[in-house]
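Scroll down for the structure; my scribbles are underneath it.
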Amino acid sequence: MSSSKQGHTEAAPAEWFDDDELPTSATASGTIGDVIAARLARRDLIKGALASSVLAVALPEGFMAAQPAKAQGAPQGAASAFSFKEVPAKVTGDHEVAEGYDADILIRWGDPVLPGAADFQPRQQSKASQAKQFGYNNDFLGYFPIDGSKRGLLAVNHEYTSTELLFSGLKSVAEARNAATKQLTKETSEVEMMAHGGSVIEVERGGDGKWKVVPNSRYARRITAETPMEITGPAAGHERMKTNADPSGKLVLGMLNNCAGGTTPWGTWVTCEENINYYFLGPLPEGHRESANWKRYGLPGRRYAWGNYFDRFKVEKEPNEVNRFGWIVEIDPFDPNSTPKKRTALGRFKHEGAAGIINPAGGQYVLYSGDDQIEDYCYRFVTKGKVDTANRAANRDLLDEGVLSVARFDADGTMRWLPLVFGQGPLTPANGFQSQADVLIETRRAADLLGATKLDRPEDVEANPVTGKIYVMLTKNATRKADKLDAANPRPANVHGHILELTPPGGDQAADVFKWEILVKCGDPSVAAVGATFNPMTSKDGWFSNPDNCAFDAMGRLWVTTDGNADDFNGRADGVWAVDTEGAARGTSKHFYRTPAGAEMCGPCFTPDMETFFVAVQHPGEDGKEWLAWGRDSTFDDPSTRWPDFKDGVPPRPSIVAITRKGGGKIGV
Ligand code: FEO
Ligand code: CA
Ligand code: CA
Ligand code: CA
């Protein structure tokens, strides 16, 4: 989800905020005022730096005292594990990949997925047409080989819709985010519901090296906000999961705001519900038993108008419907008739992703997941059973039983996984938990009680398949106060983010205690006040802010994608950066691919042979005000870019890009 400046509808503020930029935890102290203050300070800093060409301008309040920008890192001349010529960091209406590579559009919003899909007509999208076409705002990408790295399935999340870019006639972001806006009808809501969810497409690399979507594939599938899904695990069938439409508490329609995810070794797609609060309208009844639960999840978020037309998105009509979202969903991409399963054992929060690894020490599957909100937590799930690599069906319900834990980072460089188990510690009836189902439905409150570490907006958490080390992307936390710092969150008003590295003892991913350290603090290393710690070999194009998603290639090299790098007048678009983690080059970053203006970089995903790098360009043309050259809202009728079609009347289209090397070969080698 973009970290752009949208917010709630009633107040009609001059600036808008995504609520993931604000904390909901009870003891957090940040306010919208803090976000604004940090943002303004940063704008002044960047503008001042640009205007004067003097980088060390007056420090905005809240920034750390000057510290050496090259405090960490290697001697000049150490070799990076990556070999390519960097793209320039800047903002334009188009994308760009490193010299010697092709970046080809594979599929765009509105392209056909299912047989009989209508041609894309941006002014005449309907529920029926959108239901068969590729959805909006592609995020996670998972590649499932059929014929190695030449043919396979791509599973794609469609996280959300940028309403102001979907429909003609909306004059501003504020209007598009206001459920009372008259142009937001039942019909537009239905288009948006069909544009959410996911797609499974079959893709094939031709003799010319180019990737194509296989038309009319028997695997092709669209998942939408109406696809029937089964609820499994400890919360299935619980009273708090029952609704008028589903007295069983085990069947829900659709998945919402699916951000990142993972692929399991048994060939399933795990896809993660993130900002589920956006879809629900209020009012919030006083004294309702779910009030504290809702508050902690930012419910109701009131960003979409759907609740005006569908009662299940009205909290006063269906107070339990919200408990049926916020889960990790497991889907078999090879069976388009299979029922997706919401795996409640993995907890309910604003999941960013769910990347896993087989524990070399015990054979369990270990999934990591960040809760993408300011001052929320990093989680781990360890299955009770072991992965059976010889028998796919034996793993079918592996994710229904296991132990969910939350991370506490200590100043001595150790971190402890605190189990979220009913009856243990404070997770008892005295604190309102009657069962494991209660613990899972209110995972955030349970984690609060355990004393987990409030992180600077944790997003992707992934294990390096070669070294077994875990990497945690922390996007930012503008509200972090100087008196609320800790070792794992060491910068006040942290607008740039940082990356944590966790090391399991002896490679045991199920161990209770890990070691941790900071891989890199992000931001411009040439501005001492920023306190960035990239390796000095990092070029002026190589640094980034706001790490969000990441991927490892088959060599165990880390590729980081950003969300919000362009915000706050950094003067650079989001994109892909290759980051060294080992040896003397550790902490060196190189810029590989740049998105068009307004886009966030999602979905980084390699084929096993490392010859293709699929990336997802999400919400191109959003956040018009953040691009100085544009400086105003970007809408369907007045978009900041028309990428990738560049045709009059056609709005920007979120798309998947296939990156390959000219003449063939592995990426970045
Ligand atoms: Fe959907 Fe956390 O980005
Ligand atoms: Ca994001
Ligand atoms: Ca993301
Ligand atoms: Ca990832």
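Taking loop as defined by DSSP and a crowding limit of 14 other beta carbons within 10 Å, which GluC sites (Glu not before Pro) in region 536-636 fit?
Glu582
Shown for the chain are the DSSP H helices of 15 Å or more along their axis, judged by Cα atoms, with a mean Kyte-Doolittle hydropathy of at least -1.0: 32-52. Ordering Pro319, Met241, Val203 by the projection of their Cα atoms onto the charge dipole of the chain, which places +1 on the Cβ of Lys and Arg and -1 on the Cβ of Asp and Glu, puts Val203 at the extreme positive end. Full extension of the chain segment joining Ala554 with Thr185 gains 128.1 nm, where the gain is 0.36 nm per residue of separation less the Cα-Cα distance. Projecting label points 7 angstrom from Cα along Cα→Cβ for Gln424 and Lys647 puts them 5.7 nm apart. The alpha carbon convex hull volume per residue for region 74-191 rounds to 196 Å³. Distant-in-sequence amide contacts of Leu519, defined by a placed amide H-H separation under 5 Å and a gap of 5 or more residues or a different chain, comprise Ile499, Leu500, Glu501.
Ordering Leu427, Pro360, Phe349 by Cα displacement along the dipole of the chain toward the positive end leaves Pro360 in first place; charges were set at the Cβ atoms of Lys, Arg (+1) and Asp, Glu (-1).
The listed peptides 471-479, 356-364, 439-447, 385-393, ordered by packing as a protection proxy, come out as 471-479, 439-447, 356-364, 385-393 (highest mean of other Cβ atoms within 10 Å first). Built from the Cα atoms of the chain, the convex hull projects on average onto 26.4 nm², one quarter of its surface area. Computed over the chain, relative contact order equals 18 percent, with contacts defined as Cα pairs under 8 Å that lie 6+ residues apart. Between Leu284 and Ala128, full extension at 0.36 nm per residue minus the direct alpha carbon distance yields a gain of 52.8 nm. Taken about its Cα centre, region 107-198 carries a charge dipole of roughly 120 debye when the Cβ of each Lys and Arg holds +1 and the Cβ of each Asp and Glu holds -1.
At most 13 other Cβ atoms within 10 Å and a DSSP loop assignment: could you name the trypsin sites (Lys or Arg not before Pro) in region 258-345 that fit? The partial results should precede the final answer.
Working: sites: Arg289, Lys295, Arg296, Arg302, Arg303, Arg312, Lys314, Lys317, Arg324, Lys341, Lys342, Arg343; in loops: Arg289, Arg302, Arg303, Lys317.
Here the sparse-neighbourhood loop sites are Arg289.
Restriction of the GluC sites (Glu not before Pro) in region 244-317 to DSSP coil positions whose beta-carbon has at most 11 other beta-carbons within 10 angstrom yields Glu286.
The H on the amide N of Gly237, modeled in the peptide plane, is under 5 Å from the matching H of Lys250, each at least 5 residues off or on a different chain. Charged side chains reduced to their Cβ positions (Lys and Arg at +1, Asp and Glu at -1) give the chain a dipole of some 240 debye around its Cα centre. Relative contact order for region 230-379: 26 percent, from Cα pairs under 8 Å spaced at least 6 residues apart, divided by residue count. So if I take the alpha carbon set of region 374-431, get Rg, then get Rh from the Kirkwood formula, what is the Rg over Rh ratio? My calculation puts Rg/Rh at 1.10. The fraction of all Cα pairs in region 432-556 landing in successive 10 Å bins from 0 to the largest distance is 12, 34, 35, 16, 3, 0, given as whole percents. By the scheme Lys and Arg +1, Asp and Glu -1, what is the net charge of all other residues having a beta-carbon under 15 Å from that of Ala394? That works out to -2. The string of couplings for region 222-233 from the Karplus curve (6.51, -1.76, 1.60, θ = phi - 60°) is 10, 9, 10, 6, 10, 5, x, 9, 8, 9, 10, x Hz, one whole number per residue in order, with x for Gly and Pro.
Backbone amide hydrogens, once placed in the peptide plane, bring Cys550 within less than 5 Å of Thr561, excluding anything fewer than 5 places away on its chain.
If you take the Cα centroid of region 577-620 and the Cα centroid of region 187-222, the two points sit 22 Å apart. With the dipole of region 82-138 worked out from charges on the C-beta (+1 for Lys and Arg, -1 for Asp and Glu) around the Cα centre, which of Ser126, Phe84, Gly100 lies farthest toward the positive end? Projecting each Cα onto the dipole axis, the largest value belongs to Ser126.
For the chain, what is the calculated [θ] at 222 nm in deg cm²/dmol (nearest 500), taking -39500 (n - 2.57) for each run of four or more DSSP H residues and dividing by its residue count?
Working: 8 runs with 65 residues, N = 669.
Rounded to the nearest 500, it is -2500 deg cm²/dmol.
Ranked by the mean number of other Cβ atoms within 10 Å of their residues, highest first, the peptides 640-653, 448-461 come out as 448-461, 640-653.
Peptides 590-599, 502-511, ordered by how many other C-beta atoms sit within 10 Å of their residues on average, highest first, read 590-599, 502-511.
Phi angles across region 416-424 convert, under the Karplus curve 6.51 cos²θ - 1.76 cosθ + 1.60 with θ = phi - 60°, into 3J(HN,Hα) values of 10, 8, 9, x, 9, 10, 4, x, 9 Hz, Gly and Pro given as x. Shown in residue order for region 649-666 are the 3J(HN,Hα) couplings computed by the Karplus curve 6.51 cos²θ - 1.76 cosθ + 1.60 at θ = phi - 60°: x, 9, x, x, 10, x, 8, 8, 10, 9, 9, 9, 8, 4, x, x, x, 6 Hz (x for Gly and Pro).
Would you kindly give the portion of the calculated P(r) for region 505-551 that falls above 15 Å, as a percent of all Cα pairs? Numbers along the way, then the final one.
Working: 615 of 1081 pairs.
Here the long-distance tail beyond 15 Å is 57 percent of all Cα pairs in region 505-551.
Length gain on complete extension for the stretch Arg396 to Ala411, per 0.36 nm per residue less the alpha carbon to alpha carbon distance?
On the way: separation 15, 0.36 × 15 = 5.40 nm, distance 3.96 nm.
Extra length from Arg396 to Ala411 when fully extended: 1.4 nm.
Every number here is computed from the coordinates shown, using simple stated rules; none is lab data. Predicted, not measured: the structure shown is a model, and the values here were computed from it. Cβ: placed from backbone, ideal geometry, glycine included. Neighbour counts: every protein chain shown.
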